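Novice: Before we start, here is the structure in question, set down as structure tokens.
The values are calculated or read from the model by the stated rules, or taken from the named source; none is laboratory data. Only a predicted model underlies this, so the values are computations on that prediction, with no experimental measurement involved. No Cβ is skipped: glycine too gets one built from the backbone with ideal geometry, and neighbour counts run over all protein chains shown. Note: areas computed on protein heavy atoms with side chains; ligands, DNA, RNA excluded. Shrake-Rupley method; radii C 1.70, N 1.55, O 1.52, S 1.80 Å.
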Amino acid sequence: MLVKRHSNYLPSLVSDFLGEDLVSNFLGNQEWSLTPAVNIIENDKGFKIEVAAPGIGKDDFKIHVEKNLLEISAEKEAKNEVSNDKYLRKEFSYSQFKRTFSLPNYVDADKIKATQKDGVLVVEIPKKDESKENPRKQISVS
């Protein structure tokens, strides 16, 4: 039997019109994540972390490495004020996020680079030379 549950604080009409999932998202029954999406790419030379953060400028980011932990964070505060003879309207918005990544021992933390373009932060993490795989080598038996 299919049972449709309605929240006590919402009229059934609102829930039926907007849909239970949409209503619960807006009212906090499900957790909203303000953490941006991240892509992690590995190749022979190292790792690349791409952080989708539109609207966040390069000066808003803070990137730290300590004890094999890479921390990427950002804070942005925006103020919008409109004033005329009859009213004053102020709108404030504040957003922040922090992501932490464990780095393997074979990365070269001193050579990490970060760039930001078109709303995407790219952090390049090179591997140490000794961690790169050696090409296949034939060993002769004597």
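Novice: Just to be sure I understand the filter: pairs with C-beta atoms under 9 Å, separated by 6 or more residues or on different chains, first member in segment 53-66 and hydrophobic (A, V, I, L, M, F, W, C), second member assigned to a loop (DSSP other than H, G, I, E, B) and surrounded by 15 or more Cβ atoms within 10 Å (Cβ to Cβ). Which pairs pass?
Specialist: If the second residue must be assigned to a loop (DSSP other than H, G, I, E, B) and surrounded by 15 or more Cβ atoms within 10 Å (Cβ to Cβ), the pairs left are ALA53/PRO36; ILE56/PRO36; PHE61/ALA53; ILE63/ILE112; VAL65/LEU103; VAL65/ILE112.
Novice: Restricting attention to segment 42-68, and to residues there that are aliphatic (A, V, I, L, M) and in a loop (DSSP other than H, G, I, E, B), which single residue is least open to solvent (accessible area, probe 1.4 Å)?
Specialist: Kept after step one, since they are aliphatic (A, V, I, L, M), are these residues of segment 42-68: 49, 51-53, 56, 63, 65.
In the following step, the residues that additionally are in a loop (DSSP other than H, G, I, E, B) were identified as 53, 56.
Working: ALA53: 4, ILE56: 27 Å².
Within segment 42-68, the match that is least open to solvent (accessible area, probe 1.4 Å) is ALA53.
Novice: Only one of these conditions is not met by LEU10: (1) assigned to a loop (DSSP other than H, G, I, E, B); (2) at pLDDT 85 or above; (3) surrounded by 10 or more Cβ atoms within 10 Å (Cβ to Cβ). Which number is it?
Specialist: Looking at each condition in turn, LEU10 falls short on (2).
Novice: Mind listing just one residue for me: the one in segment 69-104 that is open to solvent by less than 90 Å² (accessible area, probe 1.4 Å) and of a type in the set (Lys, Arg) and, of those, farthest from the chain's Cα centre (by Cα)?
Specialist: Here the answer is LYS76.
Novice: Can you tell me which residues in segment 105-128 are in contact (Cβ under 8 Å) with a residue 24 or more places away in the chain, open to solvent by 70 Å² or more (accessible area, probe 1.4 Å) and more than 17 Å from the chain's Cα centre (by Cα)?
Specialist: ASN105, TYR106
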